[in-house]
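Down below is the structure, laid out as structure tokens.
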Amino acid sequence: MTADTRTAALRTALATRVVVADGAMGTMLQAQDPTLEDFQQLEGCNEILNVTRPDIVRSVHAEYFAVGVDCVETNTFGANSAALGEYDIPERVFELSEAGARIARQVADEYTESSGQERWVLGSMGPGTKLPTLGHIAYTTLRDGFQANAEGLIAGGADALLVETTQDLLQTKAALLGARRALEASGTELPLLCSLAFETTGTMLLGSEIGAALTALEPLGIDMIGLNCSTGPAEMSEHLRHLARHSRIPLLCMPNAGLPVLTKDGAHFPLGPEGLADAQETFVGEYGLSLVGGCCGTTPEHLRQVVERVRGLAPSE
């Protein structure tokens, strides 16, 4: 299947049924105990594993596809100039983005062939670690870094670009415009999705409310908007209600497995698979979501139950 045919099929799926994405990536990678050598001495830089341990990354994608999800996100959440700059490797943005997309593409194609069910790759563009509104980084530097991130994802075979977990509207805009430049430069027309992170305070990290975010971002030509990370589904309901009433574009939602509880062993996410499936089924019915998935703390079992619950449902008008 050609890239254009795959993209067209994804657009059709998003318009006609509920599409299910995967869950957490980082915890799944860490569970396989990569060594400091695997990280090239850059501990915690998961994107390096796209080059040093593609087998680990492949296995995570395969676990999600095996439970029936339609698409996986690339292991490129931190493949941007701000995050890789913290490891002193900002020049590797394109390389690690392309490698991450290529791994996911291979696994998706294998599952498409073996199951007869079309599988897709969402190119993950995380927020980085710098907030331009607070002057941490120049806007153009940020935008150009995101463009390299998107160019790598496109070259590696992503079917859509997902600007996710955004906390600062100026950073969000930099990512979206960087992605748009990459799409124009490559002559491709992939769907461009945008997912915001809202705090328990009810606003984004820098205080933006959902109405302001929608007003600022919808004119940028995005194909879909929604929420991910930061909180569990319960805290997202009001924001989704606003989007359902006012957004002219389809909606997505990928919550954490509840609000994290800090324990002596680190953060614990309390929401079980059934709870996530309940929430997503409700959200699809009430807010007409087109794309659902999970974020921190969610596992293949969480997504298996979501797939079971929303299979065959159509986004309501």
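The values are calculated or read from the model by the stated rules, or taken from the named source; none is laboratory data. Everything numeric here is computed off the predicted structure, so don't read it as measured data. Glycine also receives a Cβ, built like all others from the backbone with ideal geometry; neighbour counts cover every protein chain displayed. SASA here: full protein model, heavy atoms, side chains in, ligands and nucleic acids out. Shrake-Rupley method; radii C 1.70, N 1.55, O 1.52, S 1.80 Å.
What the table below lists for this structure:
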item	result
Net charge of neighbours whose Cβ lies under 11 Å from the Cβ of GLU118, counting Lys and Arg as +1 and Asp and Glu as -1	-2
Peptides 29-39, 74-84, 173-183, 10-20 ordered by average Cβ neighbours within 10 Å, highest first	74-84, 173-183, 10-20, 29-39
Relative contact order (percent, whole number), the chain, Cα cutoff 8 Å, 6+ residue spacing	19 percent
Accessible-area composition of the chain, carbon plus sulfur, in percent [1.4 Å probe]	52 percent
Per residue value of the accessible surface for the chain (all protein chains in place, 1.4 Å probe), Å²	40 Å²
Rounded if a/c under 1.5, otherwise prolate or oblate - region 118-200, Cα gyration tensor axes	oblate
13 Å beta-carbon shell around ILE137, net charge (K/R +1, D/E -1)	-1
Nonlocal amide H pairs with HIS268, under 5 Å, H built at 1.01 Å	VAL261, LEU262, THR263
With DNA, RNA and ligands ignored, accessible area of ASP4 (1.4 Å probe; Å², nearest 10)	120 Å²
Stokes-Einstein D in µm²/s, Kirkwood radius over Cα pairs - region 1-55 at 20 °C with 1.002 mPa s viscosity	155 µm²/s
3J(HN,Hα) from dihedral phi, region 169-186, Karplus parametrisation 6.51/-1.76/1.60, rounded to Hz, x for glycine, proline	4, 5, 5, 4, 4, 4, 5, 5, 6, x, 5, 4, 4, 5, 5, 5, 5, 8
Cα gyration tensor, the chain - rounded (a/c under 1.5), prolate or oblate	rounded
Those GluC sites (Glu not before Pro) in region 184-226 that DSSP places in a loop and that have at most 15 other beta carbons within 10 Å	GLU189, GLU199, GLU209
³J(HN,Hα) computed for each position of region 100-107 - Karplus, 6.51 cos²θ - 1.76 cosθ + 1.60, integer Hz, glycine/proline x	x, 5, 5, 4, 4, 4, 4, 5
Local electrostatic count at PHE39 - Lys and Arg +1, Asp and Glu -1, tallied over other residues with Cβ under 12 Å	-4
Sequence of CYS229, CYS296 from largest to smallest accessible area, 1.4 Å probe	CYS296, CYS229
Percentage relative contact order, region 49-124, counting C-alpha pairs under 8 Å, at least six apart	39 percent
Region 172-257: relative contact order in percent, alpha carbon pairs under 8 Å with at least 6 residues between	30 percent
222 nm mean residue ellipticity, helices alone, for the chain (DSSP H n ≥ 4; -39,500 (n - 2.57); rounded to 500)	-14000 deg cm²/dmol
Residues with amide H under 5 Å from that of GLY258, placed H, sequence gap 5 or more	GLY232, LEU271
Packing-based ranking, highest mean first, of 271-282, 89-100 given that Cβ atoms within 10 Å are counted	89-100, 271-282
For region 1-108: rounded, prolate or oblate by the Cα gyration tensor [a/c cutoff 1.5]	prolate
